[in-house]
1. Are any residues in the stretch A:115-140 more than 7 Å from every other protein chain (Cβ to nearest Cβ) and either at positive phi or part of a loop (DSSP other than H, G, I, E, B) (or both), and if so, which ones?
2. Identify, please: which residue in the stretch B:75-96 is of a type outside the set (A, V, I, L, M, F, W, C) and either part of a helix (DSSP H, G or I) or within 8 Å of chain A (Cβ to nearest Cβ) (or both) and is, among those, surrounded by the most Cβ atoms within 10 Å (Cβ to Cβ)?
3. Confirm whether residue A:10 is in a helix (DSSP H, G or I), buried (at least 21 other Cβ atoms within 10 Å of the Cβ) and aliphatic (A, V, I, L, M).
4. Considering each residue of the stretch A:146-171, count those that are away from chain B (no Cβ under 14 Å) and either in contact (Cβ under 8 Å) with a residue 12 or more places away in the chain or in a loop (DSSP other than H, G, I, E, B) (or both), and give that number.
5. Select from the stretch B:203-231 the residues that are within 12 Å of another protein chain (Cβ to nearest Cβ) and under 18 Å from the mean Cα position of the chain (by Cα) and write down the one among them that is nearest to residue B:179 (Cα to Cα).
6. Considering only the stretch B:128-142, how many residues are within 20 Å of residue B:10 (Cβ to Cβ) and either surrounded by fewer than 24 Cβ atoms within 10 Å (Cβ to Cβ) or at pLDDT below 95 (or both)?
7. Which of (1) surrounded by fewer than 13 Cβ atoms within 10 Å (Cβ to Cβ); (2) under 27 Å from residue B:136 (Cβ atoms); (3) in contact with a Ser or Thr (Cβ under 9 Å, 6 or more places away or on another chain); (4) without any contact (Cβ under 8 Å) to a residue 24 or more places away in the chain does residue B:213 not meet, given it meets every other one?
8. Check off (1) more than 12 Å from chain A (Cβ to nearest Cβ); (2) without any contact (Cβ under 8 Å) to a residue 24 or more places away in the chain for residue B:183 and give me the number that stays unchecked.
Protein chains: 2
Amino acid sequence: MKGSIYLIPVTLGGTEASAVIPDKVLEITRGLRFFIVEEIRSARRFLRLIDKQFPIDESWFRELNEHTKEEDISGYLEPVMQGNNIGLMSECGLPGIADPGARLISTAHRKRIKVIPLSGPSSILMALISSGLNGQQFTFNGYLPVKPEERVIRLRELEKRAREGYAQVFMETPYRNQKMFNDILKTCNRDMHLCIASDITLPTESIITKKLSEWQSDLPDLNKRLVVFVLQ
Amino acid sequence: MKGSIYLIPVTLGGTEASAVIPDKVLEITRGLRFFIVEEIRSARRFLRLIDKQFPIDESWFRELNEHTKEEDISGYLEPVMQGNNIGLMSECGLPGIADPGARLISTAHRKRIKVIPLSGPSSILMALISSGLNGQQFTFNGYLPVKPEERVIRLRELEKRAREGYAQVFMETPYRNQKMFNDILKTCNRDMHLCIASDITLPTESIITKKLSEWQSDLPDLNKRLVVFVLQ
(Lines give C-alpha, C1' and ligand atoms only; values in the text may rest on other atoms or scores of the structure.)
Protein backbone atom coordinates (compact mmCIF):
# COMPACT_ATOMS: atom_id res chain seq x y z
CA MET A 1 0.00 0.00 0.00
CA LYS A 2 1.18 3.51 -0.86
CA GLY A 3 2.12 5.99 1.86
CA SER A 4 0.77 9.54 2.15
CA ILE A 5 2.30 13.01 1.84
CA TYR A 6 1.85 15.21 4.89
CA LEU A 7 2.10 18.97 4.37
CA ILE A 8 3.97 20.02 7.50
CA PRO A 9 3.83 23.58 8.84
CA VAL A 10 6.86 25.17 10.49
CA THR A 11 7.19 28.33 12.58
CA LEU A 12 7.50 31.79 10.97
CA GLY A 13 10.96 32.70 12.20
CA GLY A 14 11.91 32.09 15.83
CA THR A 15 8.45 31.69 17.44
CA GLU A 16 7.90 28.82 19.85
CA ALA A 17 6.36 25.84 18.02
CA SER A 18 3.44 25.41 20.47
CA ALA A 19 2.37 29.02 19.76
CA VAL A 20 1.62 28.33 16.10
CA ILE A 21 1.52 24.55 15.49
CA PRO A 22 -1.11 22.17 16.94
CA ASP A 23 -0.03 19.41 19.31
CA LYS A 24 -1.23 16.59 17.07
CA VAL A 25 0.62 18.09 14.10
CA LEU A 26 3.87 18.11 16.10
CA GLU A 27 3.18 14.48 17.06
CA ILE A 28 2.65 13.43 13.43
CA THR A 29 5.84 15.27 12.41
CA ARG A 30 7.88 13.56 15.13
CA GLY A 31 6.73 10.20 13.74
CA LEU A 32 8.01 10.76 10.19
CA ARG A 33 11.44 9.71 8.88
CA PHE A 34 11.17 10.79 5.22
CA PHE A 35 11.20 14.47 4.33
CA ILE A 36 11.18 16.64 1.22
CA VAL A 37 12.25 20.11 2.25
CA GLU A 38 13.16 23.51 0.82
CA GLU A 39 16.51 23.50 2.67
CA ILE A 40 17.89 20.48 4.55
CA ARG A 41 19.79 22.50 7.15
CA SER A 42 16.81 24.48 8.42
CA ALA A 43 14.51 21.43 8.24
CA ARG A 44 16.89 19.57 10.56
CA ARG A 45 16.99 22.55 12.89
CA PHE A 46 13.19 22.56 13.07
CA LEU A 47 13.01 18.82 13.81
CA ARG A 48 15.55 19.24 16.64
CA LEU A 49 13.50 22.14 17.95
CA ILE A 50 10.33 20.07 18.26
CA ASP A 51 12.17 16.95 19.48
CA LYS A 52 15.67 17.10 20.96
CA GLN A 53 16.01 13.32 20.42
CA PHE A 54 14.86 13.37 16.78
CA PRO A 55 16.86 10.70 14.89
CA ILE A 56 18.12 13.08 12.21
CA ASP A 57 20.87 10.73 11.06
CA GLU A 58 18.43 7.88 10.47
CA SER A 59 16.11 10.10 8.46
CA TRP A 60 15.89 10.61 4.70
CA PHE A 61 15.95 14.15 3.26
CA ARG A 62 15.70 15.54 -0.25
CA GLU A 63 15.71 19.20 -1.24
CA LEU A 64 12.95 20.65 -3.39
CA ASN A 65 13.67 24.19 -4.53
CA GLU A 66 14.05 26.19 -7.73
CA HIS A 67 17.18 24.17 -8.65
CA THR A 68 15.40 20.78 -8.44
CA LYS A 69 15.07 19.12 -11.85
CA GLU A 70 11.66 17.97 -13.06
CA GLU A 71 12.91 14.40 -13.64
CA ASP A 72 14.13 14.11 -10.03
CA ILE A 73 10.74 14.91 -8.49
CA SER A 74 9.18 11.60 -9.48
CA GLY A 75 12.07 9.75 -7.79
CA TYR A 76 11.44 11.72 -4.61
CA LEU A 77 8.14 9.88 -4.36
CA GLU A 78 9.72 6.40 -4.41
CA PRO A 79 9.56 6.00 -0.60
CA VAL A 80 5.83 6.79 -0.73
CA MET A 81 5.24 4.24 -3.50
CA GLN A 82 6.98 1.72 -1.22
CA GLY A 83 4.56 2.44 1.62
CA ASN A 84 6.28 5.16 3.66
CA ASN A 85 4.67 8.39 4.76
CA ILE A 86 6.62 11.46 3.77
CA GLY A 87 6.58 15.05 5.03
CA LEU A 88 6.84 18.13 2.80
CA MET A 89 8.31 21.12 4.63
CA SER A 90 8.91 24.69 3.56
CA GLU A 91 11.30 27.36 4.89
CA CYS A 92 8.48 29.27 6.49
CA GLY A 93 4.82 28.56 7.36
CA LEU A 94 2.79 26.18 5.21
CA PRO A 95 4.44 24.28 2.35
CA GLY A 96 3.02 24.70 -1.15
CA ILE A 97 2.36 28.42 -0.87
CA ALA A 98 4.89 30.96 -2.16
CA ASP A 99 7.35 28.08 -2.66
CA PRO A 100 7.98 25.31 -5.25
CA GLY A 101 6.01 22.63 -3.32
CA ALA A 102 3.16 22.44 -5.85
CA ARG A 103 5.49 20.70 -8.32
CA LEU A 104 5.74 17.71 -5.99
CA ILE A 105 2.08 17.71 -5.04
CA SER A 106 0.79 17.73 -8.61
CA THR A 107 3.03 14.74 -9.36
CA ALA A 108 1.59 13.04 -6.29
CA HIS A 109 -1.98 13.56 -7.56
CA ARG A 110 -1.03 12.02 -10.92
CA LYS A 111 0.31 8.96 -9.05
CA ARG A 112 -2.89 8.83 -6.94
CA ILE A 113 -0.95 9.44 -3.71
CA LYS A 114 -2.95 10.81 -0.79
CA VAL A 115 -2.05 14.39 0.19
CA ILE A 116 -2.87 15.40 3.79
CA PRO A 117 -2.65 19.10 4.75
CA LEU A 118 -1.85 19.91 8.37
CA SER A 119 -2.97 23.06 10.16
CA GLY A 120 -0.35 25.74 10.79
CA PRO A 121 0.58 29.40 10.37
CA SER A 122 0.44 31.23 7.04
CA SER A 123 1.81 34.77 7.16
CA ILE A 124 -0.14 35.58 3.99
CA LEU A 125 -3.52 34.61 5.40
CA MET A 126 -2.77 36.00 8.85
CA ALA A 127 -1.84 39.33 7.23
CA LEU A 128 -5.01 39.34 5.15
CA ILE A 129 -7.45 38.55 7.98
CA SER A 130 -5.81 41.14 10.26
CA SER A 131 -5.83 43.82 7.57
CA GLY A 132 -9.57 44.51 7.72
CA LEU A 133 -9.49 44.49 3.91
CA ASN A 134 -11.68 42.11 1.87
CA GLY A 135 -11.30 38.55 3.18
CA GLN A 136 -14.21 37.36 1.08
CA GLN A 137 -12.41 37.98 -2.22
CA PHE A 138 -8.66 38.41 -2.57
CA THR A 139 -5.66 37.61 -4.75
CA PHE A 140 -2.23 36.50 -3.65
CA ASN A 141 0.34 37.71 -6.19
CA GLY A 142 3.57 36.36 -4.73
CA TYR A 143 6.59 38.55 -5.47
CA LEU A 144 6.26 41.51 -7.85
CA PRO A 145 8.83 42.22 -10.60
CA VAL A 146 12.09 43.82 -9.45
CA LYS A 147 12.64 46.01 -12.54
CA PRO A 148 11.24 49.50 -11.80
CA GLU A 149 9.17 49.96 -14.97
CA GLU A 150 7.68 46.41 -14.81
CA ARG A 151 6.91 46.88 -11.15
CA VAL A 152 5.03 50.12 -11.76
CA ILE A 153 2.92 48.37 -14.41
CA ARG A 154 2.15 45.51 -11.97
CA LEU A 155 1.26 47.89 -9.15
CA ARG A 156 -1.16 49.74 -11.46
CA GLU A 157 -2.78 46.39 -12.38
CA LEU A 158 -3.11 45.48 -8.69
CA GLU A 159 -4.67 48.87 -7.94
CA LYS A 160 -7.21 48.27 -10.71
CA ARG A 161 -8.12 44.80 -9.36
CA ALA A 162 -8.26 46.16 -5.81
CA ARG A 163 -10.80 48.77 -6.94
CA GLU A 164 -12.86 45.93 -8.46
CA GLY A 165 -13.14 44.61 -4.88
CA TYR A 166 -10.38 42.02 -4.58
CA ALA A 167 -7.83 42.72 -1.82
CA GLN A 168 -4.32 42.34 -3.29
CA VAL A 169 -1.72 40.49 -1.22
CA PHE A 170 1.98 40.47 -2.17
CA MET A 171 5.43 40.10 -0.69
CA GLU A 172 8.97 41.35 -1.03
CA THR A 173 12.36 40.14 0.19
CA PRO A 174 13.31 41.86 3.49
CA TYR A 175 16.11 44.03 2.09
CA ARG A 176 13.84 45.42 -0.65
CA ASN A 177 10.78 46.18 1.53
CA GLN A 178 11.57 49.86 1.90
CA LYS A 179 11.93 50.26 -1.87
CA MET A 180 8.61 48.46 -2.40
CA PHE A 181 6.89 50.73 0.07
CA ASN A 182 8.23 53.82 -1.72
CA ASP A 183 7.14 52.41 -5.09
CA ILE A 184 3.59 51.85 -3.78
CA LEU A 185 3.47 55.43 -2.46
CA LYS A 186 4.75 56.82 -5.76
CA THR A 187 2.50 54.69 -7.98
CA CYS A 188 -0.90 54.25 -6.30
CA ASN A 189 -3.64 56.73 -5.51
CA ARG A 190 -3.64 58.35 -2.05
CA ASP A 191 -7.11 57.00 -1.23
CA MET A 192 -6.01 53.34 -1.43
CA HIS A 193 -5.65 51.41 1.81
CA LEU A 194 -2.38 49.63 2.54
CA CYS A 195 -1.85 47.06 5.27
CA ILE A 196 1.77 46.52 6.26
CA ALA A 197 1.99 43.29 8.28
CA SER A 198 5.51 42.83 9.68
CA ASP A 199 7.08 39.96 11.65
CA ILE A 200 3.81 38.06 12.09
CA THR A 201 3.80 35.83 15.24
CA LEU A 202 7.15 37.29 16.38
CA PRO A 203 7.54 39.56 19.43
CA THR A 204 8.11 42.49 17.04
CA GLU A 205 4.81 41.85 15.18
CA SER A 206 3.15 44.98 13.79
CA ILE A 207 0.02 45.03 11.62
CA ILE A 208 -1.28 48.42 10.54
CA THR A 209 -3.79 49.42 7.85
CA LYS A 210 -4.04 53.05 6.76
CA LYS A 211 -4.70 55.10 3.66
CA LEU A 212 -1.62 55.87 1.57
CA SER A 213 -2.11 59.55 2.41
CA GLU A 214 -1.69 58.64 6.10
CA TRP A 215 1.30 56.36 5.54
CA GLN A 216 3.02 59.18 3.69
CA SER A 217 3.39 61.28 6.82
CA ASP A 218 4.45 58.32 8.97
CA LEU A 219 7.15 56.36 7.14
CA PRO A 220 7.75 52.96 8.77
CA ASP A 221 11.16 51.25 9.01
CA LEU A 222 10.70 47.96 7.16
CA ASN A 223 14.33 47.11 6.64
CA LYS A 224 15.11 43.39 7.21
CA ARG A 225 11.61 42.68 8.53
CA LEU A 226 9.36 39.92 7.18
CA VAL A 227 6.59 41.92 5.53
CA VAL A 228 3.33 41.04 3.80
CA PHE A 229 1.59 43.90 1.95
CA VAL A 230 -2.19 44.06 1.41
CA LEU A 231 -3.55 46.76 -0.91
CA GLN A 232 -7.14 47.77 -1.46
CA MET B 1 -4.79 51.52 27.87
CA LYS B 2 -6.76 49.95 25.03
CA GLY B 3 -7.14 46.16 24.78
CA SER B 4 -6.39 44.08 21.68
CA ILE B 5 -8.50 42.04 19.28
CA TYR B 6 -7.45 38.40 18.97
CA LEU B 7 -8.48 36.56 15.80
CA ILE B 8 -9.41 33.15 17.20
CA PRO B 9 -9.42 30.04 15.03
CA VAL B 10 -11.98 27.27 15.61
CA THR B 11 -12.13 23.70 14.29
CA LEU B 12 -13.54 22.90 10.82
CA GLY B 13 -16.52 20.79 11.89
CA GLY B 14 -16.11 18.13 14.54
CA THR B 15 -12.32 17.67 14.58
CA GLU B 16 -10.53 17.54 17.92
CA ALA B 17 -9.17 21.01 18.82
CA SER B 18 -5.60 19.81 19.50
CA ALA B 19 -5.45 18.44 15.94
CA VAL B 20 -5.81 21.86 14.32
CA ILE B 21 -5.28 24.58 16.95
CA PRO B 22 -1.95 25.28 18.74
CA ASP B 23 -1.72 24.85 22.52
CA LYS B 24 -0.86 28.49 23.18
CA VAL B 25 -3.81 29.64 21.07
CA LEU B 26 -6.18 27.49 23.14
CA GLU B 27 -4.62 28.98 26.28
CA ILE B 28 -5.13 32.57 25.05
CA THR B 29 -8.73 31.75 24.10
CA ARG B 30 -9.47 30.26 27.55
CA GLY B 31 -8.28 33.52 29.10
CA LEU B 32 -10.72 35.78 27.23
CA ARG B 33 -14.17 36.86 28.49
CA PHE B 34 -15.29 39.17 25.66
CA PHE B 35 -16.21 37.70 22.29
CA ILE B 36 -17.57 38.88 18.96
CA VAL B 37 -18.83 35.85 17.08
CA GLU B 38 -20.70 34.83 13.95
CA GLU B 39 -23.22 32.79 16.00
CA ILE B 40 -23.39 32.84 19.80
CA ARG B 41 -24.66 29.28 20.17
CA SER B 42 -21.81 27.62 18.30
CA ALA B 43 -19.23 29.95 19.87
CA ARG B 44 -20.36 28.79 23.32
CA ARG B 45 -20.19 25.18 22.21
CA PHE B 46 -16.59 25.69 21.06
CA LEU B 47 -15.57 27.34 24.35
CA ARG B 48 -17.09 24.41 26.31
CA LEU B 49 -15.21 22.02 24.02
CA ILE B 50 -11.82 23.54 24.79
CA ASP B 51 -12.62 24.09 28.48
CA LYS B 52 -15.42 22.22 30.28
CA GLN B 53 -15.27 24.83 33.10
CA PHE B 54 -15.40 27.86 30.79
CA PRO B 55 -17.43 30.60 32.58
CA ILE B 56 -19.87 31.10 29.71
CA ASP B 57 -22.41 32.93 31.87
CA GLU B 58 -19.85 35.49 33.03
CA SER B 59 -18.72 36.17 29.47
CA TRP B 60 -19.82 38.88 27.05
CA PHE B 61 -20.94 37.94 23.54
CA ARG B 62 -22.07 39.93 20.53
CA GLU B 63 -23.03 38.56 17.11
CA LEU B 64 -21.38 39.87 13.95
CA ASN B 65 -23.03 38.58 10.80
CA GLU B 66 -24.75 39.86 7.67
CA HIS B 67 -27.62 41.23 9.81
CA THR B 68 -25.33 43.37 12.03
CA LYS B 69 -25.84 47.08 11.47
CA GLU B 70 -22.89 49.30 10.63
CA GLU B 71 -23.65 51.66 13.55
CA ASP B 72 -23.56 48.76 16.06
CA ILE B 73 -20.04 47.66 15.14
CA SER B 74 -18.34 50.65 16.73
CA GLY B 75 -20.17 49.91 20.00
CA TYR B 76 -18.89 46.34 19.90
CA LEU B 77 -15.42 47.78 20.41
CA GLU B 78 -16.32 49.60 23.65
CA PRO B 79 -14.89 46.85 25.91
CA VAL B 80 -11.58 47.12 24.00
CA MET B 81 -11.50 50.91 24.38
CA GLN B 82 -11.97 50.30 28.12
CA GLY B 83 -8.91 48.05 28.25
CA ASN B 84 -10.32 44.54 27.73
CA ASN B 85 -8.98 42.04 25.21
CA ILE B 86 -11.62 40.68 22.89
CA GLY B 87 -11.79 37.58 20.70
CA LEU B 88 -13.27 37.49 17.19
CA MET B 89 -14.56 34.05 16.25
CA SER B 90 -16.06 32.69 13.06
CA GLU B 91 -18.31 29.67 12.40
CA CYS B 92 -15.49 27.76 10.81
CA GLY B 93 -11.69 28.10 10.64
CA LEU B 94 -10.08 31.54 10.74
CA PRO B 95 -12.24 34.64 11.31
CA GLY B 96 -12.11 37.40 8.71
CA ILE B 97 -12.01 35.10 5.69
CA ALA B 98 -15.23 34.20 3.84
CA ASP B 99 -17.20 35.90 6.64
CA PRO B 100 -18.15 39.46 7.70
CA GLY B 101 -15.23 39.82 10.18
CA ALA B 102 -13.37 42.42 8.09
CA ARG B 103 -16.05 45.01 8.95
CA LEU B 104 -15.04 44.89 12.60
CA ILE B 105 -11.31 44.75 11.91
CA SER B 106 -11.27 47.78 9.63
CA THR B 107 -13.11 49.75 12.33
CA ALA B 108 -10.47 48.57 14.80
CA HIS B 109 -7.66 49.88 12.57
CA ARG B 110 -9.37 53.26 12.37
CA LYS B 111 -9.51 53.34 16.17
CA ARG B 112 -5.82 52.32 16.35
CA ILE B 113 -6.68 49.08 18.17
CA LYS B 114 -4.10 46.31 17.95
CA VAL B 115 -5.21 43.25 15.92
CA ILE B 116 -3.45 39.97 16.72
CA PRO B 117 -3.96 37.00 14.35
CA LEU B 118 -3.68 33.52 15.86
CA SER B 119 -2.59 30.44 13.93
CA GLY B 120 -5.27 27.91 12.98
CA PRO B 121 -6.89 25.94 10.16
CA SER B 122 -8.15 27.54 6.94
CA SER B 123 -9.99 25.13 4.65
CA ILE B 124 -9.33 27.50 1.74
CA LEU B 125 -5.57 27.53 2.14
CA MET B 126 -5.37 23.85 3.06
CA ALA B 127 -7.33 23.02 -0.10
CA LEU B 128 -5.07 25.20 -2.23
CA ILE B 129 -1.76 23.83 -0.92
CA SER B 130 -2.96 20.23 -1.25
CA SER B 131 -4.26 20.78 -4.77
CA GLY B 132 -0.85 20.88 -6.46
CA LEU B 133 -2.14 23.91 -8.39
CA ASN B 134 -0.39 27.29 -8.29
CA GLY B 135 0.30 28.26 -4.65
CA GLN B 136 2.52 31.13 -5.76
CA GLN B 137 -0.33 33.08 -7.36
CA PHE B 138 -4.00 32.47 -6.66
CA THR B 139 -7.36 34.17 -6.18
CA PHE B 140 -10.02 33.37 -3.61
CA ASN B 141 -13.43 34.23 -5.06
CA GLY B 142 -15.74 33.32 -2.18
CA TYR B 143 -19.15 32.13 -3.33
CA LEU B 144 -20.10 32.32 -7.02
CA PRO B 145 -23.51 33.66 -8.16
CA VAL B 146 -26.44 31.26 -7.79
CA LYS B 147 -28.33 32.32 -10.94
CA PRO B 148 -27.38 29.92 -13.78
CA GLU B 149 -26.55 32.52 -16.45
CA GLU B 150 -24.50 34.71 -14.05
CA ARG B 151 -22.70 31.68 -12.77
CA VAL B 152 -21.69 30.57 -16.26
CA ILE B 153 -20.27 34.05 -16.93
CA ARG B 154 -18.29 33.94 -13.65
CA LEU B 155 -16.96 30.44 -14.36
CA ARG B 156 -15.75 31.60 -17.79
CA GLU B 157 -13.98 34.56 -16.17
CA LEU B 158 -12.34 32.24 -13.62
CA GLU B 159 -11.22 29.92 -16.43
CA LYS B 160 -9.63 32.88 -18.21
CA ARG B 161 -7.78 34.01 -15.06
CA ALA B 162 -6.73 30.42 -14.35
CA ARG B 163 -5.15 30.21 -17.81
CA GLU B 164 -3.26 33.43 -17.01
CA GLY B 165 -1.62 31.41 -14.22
CA TYR B 166 -3.67 32.23 -11.13
CA ALA B 167 -5.26 29.21 -9.42
CA GLN B 168 -8.93 30.02 -8.73
CA VAL B 169 -10.38 29.01 -5.36
CA PHE B 170 -14.12 29.15 -4.64
CA MET B 171 -16.79 27.62 -2.47
CA GLU B 172 -20.41 26.56 -2.48
CA THR B 173 -22.96 25.73 0.20
CA PRO B 174 -23.07 21.95 0.87
CA TYR B 175 -26.50 21.32 -0.68
CA ARG B 176 -25.51 23.05 -3.94
CA ASN B 177 -22.09 21.39 -4.40
CA GLN B 178 -23.32 18.80 -6.85
CA LYS B 179 -24.95 21.48 -9.00
CA MET B 180 -21.72 23.54 -8.94
CA PHE B 181 -19.71 20.52 -10.01
CA ASN B 182 -22.06 19.92 -12.94
CA ASP B 183 -21.89 23.60 -13.94
CA ILE B 184 -18.08 23.47 -13.95
CA LEU B 185 -18.14 20.35 -16.14
CA LYS B 186 -20.61 21.94 -18.54
CA THR B 187 -18.87 25.34 -18.73
CA CYS B 188 -15.11 24.83 -18.63
CA ASN B 189 -12.72 23.21 -21.06
CA ARG B 190 -11.88 19.53 -20.56
CA ASP B 191 -8.15 20.23 -20.19
CA MET B 192 -8.62 22.35 -17.03
CA HIS B 193 -7.58 20.86 -13.71
CA LEU B 194 -10.10 20.77 -10.86
CA CYS B 195 -9.27 20.03 -7.24
CA ILE B 196 -12.23 18.96 -5.12
CA ALA B 197 -11.23 19.22 -1.45
CA SER B 198 -13.98 17.79 0.78
CA ASP B 199 -14.31 17.66 4.58
CA ILE B 200 -10.79 18.96 5.26
CA THR B 201 -9.38 17.77 8.65
CA LEU B 202 -12.39 15.45 9.17
CA PRO B 203 -12.14 11.64 9.07
CA THR B 204 -13.95 11.71 5.69
CA GLU B 205 -11.37 14.13 4.17
CA SER B 206 -10.81 13.66 0.44
CA ILE B 207 -8.60 15.89 -1.73
CA ILE B 208 -8.32 14.97 -5.40
CA THR B 209 -7.02 16.93 -8.40
CA LYS B 210 -7.75 15.71 -11.93
CA LYS B 211 -8.49 17.07 -15.37
CA LEU B 212 -12.16 17.77 -16.04
CA SER B 213 -12.05 15.02 -18.69
CA GLU B 214 -11.11 12.56 -15.93
CA TRP B 215 -13.70 13.83 -13.44
CA GLN B 216 -16.37 13.36 -16.07
CA SER B 217 -16.06 9.59 -15.98
CA ASP B 218 -15.84 9.45 -12.19
CA LEU B 219 -18.62 11.58 -10.72
CA PRO B 220 -18.08 12.18 -6.99
CA ASP B 221 -20.88 12.42 -4.42
CA LEU B 222 -20.49 15.91 -2.92
CA ASN B 223 -23.89 16.22 -1.34
CA LYS B 224 -23.81 17.80 2.16
CA ARG B 225 -19.99 17.75 2.26
CA LEU B 226 -17.87 20.84 3.02
CA VAL B 227 -16.18 21.42 -0.31
CA VAL B 228 -13.55 23.86 -1.57
CA PHE B 229 -13.01 23.94 -5.34
CA VAL B 230 -9.69 24.91 -6.98
CA LEU B 231 -9.64 25.40 -10.75
CA GLN B 232 -6.64 25.86 -13.00
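1. The one that is more than 7 Å from every other protein chain (Cβ to nearest Cβ) and either at positive phi or part of a loop (DSSP other than H, G, I, E, B) (or both): A:118.
2. B:95
3. For residue A:10, the condition - in a helix (DSSP H, G or I), buried (at least 21 other Cβ atoms within 10 Å of the Cβ) and aliphatic (A, V, I, L, M) - is not met.
4. Qualifying residue count, the stretch A:146-171: 8.
5. B:228
6. Going through the stretch B:128-142 one residue at a time, the tally reaches 1.
7. Failing condition for residue B:213: (3).
8. Every condition holds for residue B:183 apart from (2).
The values are calculated or read from the model by the stated rules, or taken from the named source; none is laboratory data. Since the model is a prediction, treat every value here as computed from it, not as a measurement. Don't worry about glycine lacking a Cβ; one is built from the backbone with ideal geometry, like all the others, and counts go over all protein chains shown.
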